[in-house]
Structures are given as C-alpha cells and as structure tokens.
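The values are calculated or read from the model by the stated rules, or taken from the named source; none is laboratory data. Just so it is clear, the structure is predicted and the values come from calculations on it, not from any experiment. As a convention, Cβ positions derive from the backbone with ideal geometry for all residues, glycine included, and neighbour counts pool all protein chains shown.
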Amino acid sequence: MIEIKNITKTYKTGDVEFEALSNISFNIADGEFIAIMGPSGSGKSTLMHILGALDSPTSGTYFLDGKDVSILSDDELANIRRDKIGFVFQSFNLLPRTTVLRNVMLPLVYAGIHGLEREKRAKNALLSAGLEENNFQHLSNQLSGGQIQRVAIARALVNNPSLILADEPTGNLDSKTGEIVIGTFQRLNKELGRTIILITHEQEIAEHADRILFIKDGKLLEDRTTHLKKVIK
C-alpha cells in the first residue's frame with residue numbers, strides 16, 4: 001500500500017538548513033497496523049505530514065496505492081487527503097456546539113454527499129468506532145474524552161479511506177481511556193481491514209501495533225515486528 005524510498009526533508013531559513021528527515025525508506029502492506037515512535041524533535045511529525053499528503057519531501061518518493069504522492073500538485077494532494085486518508089488528532093478538532101452526528105457528517109458535505117445517505121454513512125461510522133447511538137445527538141462538549149476521540153475516529157472513517165493516520169490519539173487521555181481508544185483502532189484494523197499508522201512517543205501504546213518504526217534525529221533507526229503484540233479484548 002505504501003512505499004517510502006529515500007525520503008529526505010530539508011527546511012531552509014535564510015542561509016541555515018535543517019534536515020528533518022534523512023534518507024528514510026520503508027514499506028507498509030495493505031491492512032497493517034504500524035506505530036511510528038520517536039522523541040520530540042525526532043522527525044516523526046514531519047514524516048506524518050508527508051504520509052498524510054500535508055507536505056512533500058525535498059527528495060525521494062512516496063507511493064500510496066501505486067500513485068507517486070511526492071510529485072502531486074496541491075489540488076491533487078487535497079484529493080488524496082479527501083479520498084484516501086482519514087486523520088485522527090490528539091486535540092480532536094471537533095466543533096463544540098455541534099452534535100456528534102453533524103460533526104461526523106461534515107466531511108461528507110465537502111465530498112458532495114447529500115441528504116439521507118450522508119446521515120446513514122455518519123451513523124455507520126459512529127457505530128464502527130464504538131460509540132453508542134444514544135450519544136449521537138449530544139454536543140461534543142457533553143462527552144467524555146474517550147467518547148470524543150471515538151467521534152474523531154468516526155469522522156476519519158466516514159469517507160471510507162484506505163489509510164487512517166492517527167497523531168498521538170491518546171495524548172490527552174488517561175491511561176484507561178487510552179487503552180479503550182487503542183482497542184478501537186485494533187478492532188478497526190482486524191475486523192474492517194483498515195491500514196492504520198499511529199504516531200506516538202509512548203512505548204506502551206506502540207506495542208499494540210504489528211510493527212514499530214523508531215525515528216531519531218531524522219533517521220529510521222529500527223523497524224521491528226511486535227511479536228508479543230498487546231491485544232485489547
């Protein structure tokens with residue numbers, strides 16, 4: 001599904017250059033659950049932006065479903081983000097005075113989906129993310145942290161993306177709630193076959209994935225399988 005080959009990202013301020021990523025290569029198969037780990041400043045956020053078609057590499061290639069994303073125009077990148085990628089962020093990014101259902105329906109408005117079909121897809125996404133139906137008409141600021149993150153996951157699912165990119169999705173949650181959210185990702189991966197890339201700095205969270213890519217100082221230091229993968233029932 002994903003092929004990253006010799007990706008480098010260099011930022012330039014005046015005469016000063018900073019290499020955020022240096023010659024990184026790896027592949028991700030369709031249906032894998034991958035965690036990308038690294039300390040603050042390691043380059044994992046830069047890598048996330050490239051994987052999410054939010055930024056382009058300075059050099060190297062990025063193929064997503066056979067298409068070279070690294071050479072696309074801004075409009076083409078926007079289409080990739082709309083059609084291929086679902087984003088889940090640490091800060092949720094939900095509209096606080098809008099119902100759960102309408103928050104999840106919003107991406108479908110931009111996609112041109114109308115009427116009852118929009119509502120049907122949003123409800124199915126919320127159920128897939130594990131939110132109970134009696135919460136659909138609540139405002140997002142009336143829910144717990146774990147429930148809000150499930151709404152954010154449903155919003156990422158609603159356009160039926162082939163890739164879900166989650167950036168520190170448990171960062172604002174307590175450990176128990178974080179386990180519930182990670183369990184949701186595992187279920188989406190196992191039961192619905194979603195490819196999931198999880199960005200985290202927490203080893204405990206990363207161990208729930210199939211593989212861990214460890215980034216430090218802009219370099220890929222380790223790519224290992226989690227043989228003792230933690231599975232949440």
Taking only segment 170-193 into account, find how many residues are farther than 20 Å from MET37 by Cβ, in contact (Cβ under 8 Å) with a residue 12 or more places away in the chain and in contact with a strand residue (DSSP E or B) (Cβ under 9 Å, 6 or more places away or on another chain). 1
ILE34 meets each of (1) out of contact with any Ser or Thr (no Cβ under 7 Å at 6 or more places or on another chain); (2) in a loop (DSSP other than H, G, I, E, B) with one exception, condition (2)
Looking at LEU94, LEU108, LEU131, which is the one that is more than 16 Å from the chain's Cα centre (by Cα), surrounded by 13 or more Cβ atoms within 10 Å (Cβ to Cβ) and in a loop (DSSP other than H, G, I, E, B)? LEU131
Being surrounded by 13 or more Cβ atoms within 10 Å (Cβ to Cβ), under 19 Å from ILE212 (Cα atoms), at pLDDT 90 or above and not hydroxyl-bearing (Ser, Thr, Tyr) narrows LEU101, LEU64, LEU126, LEU47 down to just LEU47
Looking at ILE180, ILE148, which one is at pLDDT below 90 and over 29 Å from GLY41 (Cβ atoms)? ILE180
So for segment 26-39 (the condition being touching a Gly at 6+ places or on another chain (Cβ under 7 Å) and either free of Cβ contacts under 8 Å to residues at least 12 places away in the same chain or surrounded by fewer than 22 Cβ atoms within 10 Å (Cβ to Cβ) (or both)), does at least one residue qualify? yes
Residue identified as buried (at least 18 other Cβ atoms within 10 Å of the Cβ), out of contact with any Lys or Arg (no Cβ under 9 Å at 6 or more places or on another chain) and part of a strand (DSSP E or B) among LEU213, LEU220, LEU173: LEU220
For segment 6-25, give me the residue count where each residue is in contact with a Phe, Trp or Tyr (Cβ under 9 Å, 6 or more places away or on another chain) and loosely packed, with under 15 Cβ neighbours inside 10 Å. 5
